[in-house]
1. Exactly one condition in (1) in contact with a strand residue (DSSP E or B) (Cβ under 8 Å, 6 or more places away or on another chain); (2) in contact (Cβ under 8 Å) with a residue 60 or more places away in the chain; (3) under 26 Å from Thr108 (Cβ atoms) is false for Ala584; which is it?
2. Looking only at segment 400-428, which residues are out of contact with any Phe, Trp or Tyr (no Cβ under 9 Å at 6 or more places or on another chain), of a type in the set (Gly, Ala, Ser) and not in a helix (DSSP H, G or I)?
3. Quick check on segment 379-394. Is at least one of its residues among the charged types (D, E, K, R), assigned to a helix (DSSP H, G or I) and open to solvent by 20 Å² or more (accessible area, probe 1.4 Å)?
4. Based on what the data block shows, is Thr575 under 22 Å from the mean Cα position of the chain (by Cα) and not hydrophobic (A, V, I, L, M, F, W, C)?
5. Quick one: is Ala278 on the phi < 0 side of the Ramachandran plot, buried (at least 18 other Cβ atoms within 10 Å of the Cβ) and touching a Phe, Trp or Tyr at 6+ places or on another chain (Cβ under 7 Å)?
6. Only residues that are closer than 24 Å to Ala674 by Cα and either open to solvent by 50 Å² or more (accessible area, probe 1.4 Å) or at pLDDT below 95 (or both): list them for segment 83-107, please.
7. I'd like to verify a number: residues in segment 365-376 that are open to solvent by 20 Å² or more (accessible area, probe 1.4 Å) and over 16 Å from Gly542 (Cβ atoms), how many?
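The values are calculated or read from the model by the stated rules, or taken from the named source; none is laboratory data. Remember, it's a predicted structure, so these values are computed and weren't measured experimentally. Here the Cβ positions follow ideal geometry from the backbone for every residue, glycine too, while neighbour counts run over all protein chains shown. Remember, those area values only see protein heavy atoms, side chains included, never the ligands or the DNA or RNA. Shrake-Rupley method; radii C 1.70, N 1.55, O 1.52, S 1.80 Å.
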Amino acid sequence: MRNVPISIRSAAVLLGTALAGAVFALSATADESDASQLGRNRPPAFIVPGSLRVNSYDGVSDDLLTAGLGKTGLAGPAPAIADPAHPSAAELRRLAIWSNYRALVDMTANGGYGRFWGPNVDLNGNDTLGEGKIAGTEYLAYADDGTGRRNVTLLVQVPTSFDPANPCIVTATSSGSRGVYGAVSAAGEWGLKRGCAVAYTDKGTGNGAHELMTNRVTLIDGQLADATAAGTQSLFTANVSPGALAAFNQAFPNRYAFKHAHSQQNPEADWGKDTLAAVQFAYWVLNRQFAPIGDTSDHRVRYEPGSITTIAASVSNGGGAALAAAEQDRRGWITAVVVGEPQINVRMPGRARVKEGGQLIAAAGKPLADYVTLANLLEPCAALAPAAAGAPYLSALPLATTNAIRTARCASLAAAGMVNGGDTQAQATDALARLHAAGYEADSDVLHASMWDSQAVPAVAVTYADAYTRSSVTDNLCGFSFGTTNPATGAAGFPPVVSPMPTVFGFGNGVPPTNGINLVYNPTPPGGADHRLATADASFAGAACLRALWTGQDPRMVASVDAIRVNAQLHGKPTLIVQGRSDALVPINHASRAYLAANSVREPHSQVSLYEVTNGQHFDAFLGVPGFDTRFVPVHYYYLQALNLMWAHLKSGASLPPSQVIRTVPRGGTPGAAPALSLANLPAIVDNPGSNAIEANHGTVLIPH
């Protein structure tokens, strides 16, 4: 790897743009900031002066896709750090790519890594690419609104295989609250293999951490600095005065602020705009790299808005961001959309309906603030229902401890009148029925235990409640905070033996629990504890408080949720959506099915297809866990198919298969030793789905059971 400095002229343009006051918010107005009318390739005005970093990778010692690890290294143990207390920027990048790649796909050989997907697998599904390293250039910069408080990370990778005569861009907005490499295996890999530039963004959530006791923060490359010294170069610094910070540290030692939860900016409202900003940054990069030099030493504009084939792509939160970007796009930056399991909050038209097997789904189209706070309350109890028996286990706690928590949660719910039943089994059955009534599919019954036990749902419930209420870290909303805990007792305030900060950029996912930072309930016991162990019922009072923010229509939460809703109006852009029917984190009735229903009202002649995968759930990375391997199939396999289908449509006019249910076949066998995944488990997306067709007409979506 070598560092390539930005040219003096380009730096001057950046500085001059800033001094001219042409700093734009990341909004639709940013579309007007390009300088194509002048014939000069000026950087978008939202790029922060001095933040641009350019690195090239030879594809041998280091590369764009695997950070030099190759297919073998990605499947191996975490890459070593020479000095764990002071990792270099290159080491942190390698850690981030290693951890983020593995977080979104099944890495087991029997599950398909190295056979159906992986750096070695070409676009036709064949093992022809060796270690799969990809040479090219990487451009990293902050985008901001002029305050220095947003600092959204943008990153563009340009492979050496990029063809300037046939340009293409694929977006890879981060999944979850991950850092800028958070969709490298979901969309980045496919784009790089196609020879496309890949436009990444962390969408303003991006794994920014602030260690409050030491006042250390992460920078754009993950290295650490004192928050005061870092100033506006910080990825995120909590907006807390020195006096308030000192008081908070005394009362709640060893706590952490995270950007998604504590920025007080409701970053989700700008995810679509951030994705569009990444595309605009990619245009500038490509013009800088491939346009001729003009008579003033500036690069000319070779690529005008809309002249590059651009697929807005990603999964989960990144998928929702891609859909939002396509809706907000008014200048043709985006050509098409391909998303997986999108977390999207739809403004449902009055006549939008979803029916499965002829039965109306009464709760379709609810926002995340509604369904995740309900799931956080009910899932521990629902896990004891007979219909959920035999669920895969995903907890570091002993099963006896988990079952005690589940039983106590049922009792607390019953005492509060939130479930009915005279005994634990009846209460659990009622809790599960309430989840069904709230739009969760019966196909996901066995996943409620793991969604809560793995802390995915509690972490999301707390993080998004903080974000939607624009709470400060010092607010301890509903009694929750993020901190290090005693490994033996769960007690909070525990000084970490090794600070999580040096490697949080590499290993962290932006939503505690992550990298040794846990979700803490503060009110009891004194000093707080891991939320699962703080009370017998796993901090029920805190979970009920989070739920009440929504049911009580807290005005802060209502306003923020209204700001993130989308209309499902894609302006005719061809769009493919892939989601598993068993998704228990982002229920399909509130996401893909709801989006299709709303789209069919607002855009009756749209080009949107939904591919609904039976036996598919949200976390393909869990498919290596006993019980997941036997029951569920990889949704990623169908996401790759959808990307290939869209490419064929855009490049050769091939038709896009219509909406359909894809009836997969689980691998079966013994949990932890399921037979190898094969094509027999994975029927193809077809042009004529027959009885498996999904119909969407004037607001009514009909799903075959």
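1. Result: Ala584 passes all but (1).
2. Gly417, Gly421, Gly422
3. Here is the first cut: in segment 379-394, the ones among the charged types (D, E, K, R) are 379.
This time we only want the ones that are assigned to a helix (DSSP H, G or I), so: 379.
Those still in the list that are open to solvent by 20 Å² or more (accessible area, probe 1.4 Å) too: none.
Taking every residue of segment 379-394 in turn, none turns out to be among the charged types (D, E, K, R), assigned to a helix (DSSP H, G or I) and open to solvent by 20 Å² or more (accessible area, probe 1.4 Å).
4. yes
5. Yes: the conditions hold for Ala278.
6. Hit for segment 83-107 is Arg102, nothing else.
7. 2
So that you can scan it fast, the table gives a plain yes or no per residue for (1) open to solvent by less than 10 Å² (accessible area, probe 1.4 Å); (2) at pLDDT 95 or above; (3) of a type in the set (Lys, Arg); (4) not in a loop (DSSP other than H, G, I, E, B):
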site	(1), (2), (3), (4)
Asn166	no, yes, no, no
Gly195	yes, yes, no, no
Thr214	no, yes, no, no
Asp221	no, yes, no, no
Ala225	no, yes, no, yes
Thr228	no, yes, no, yes
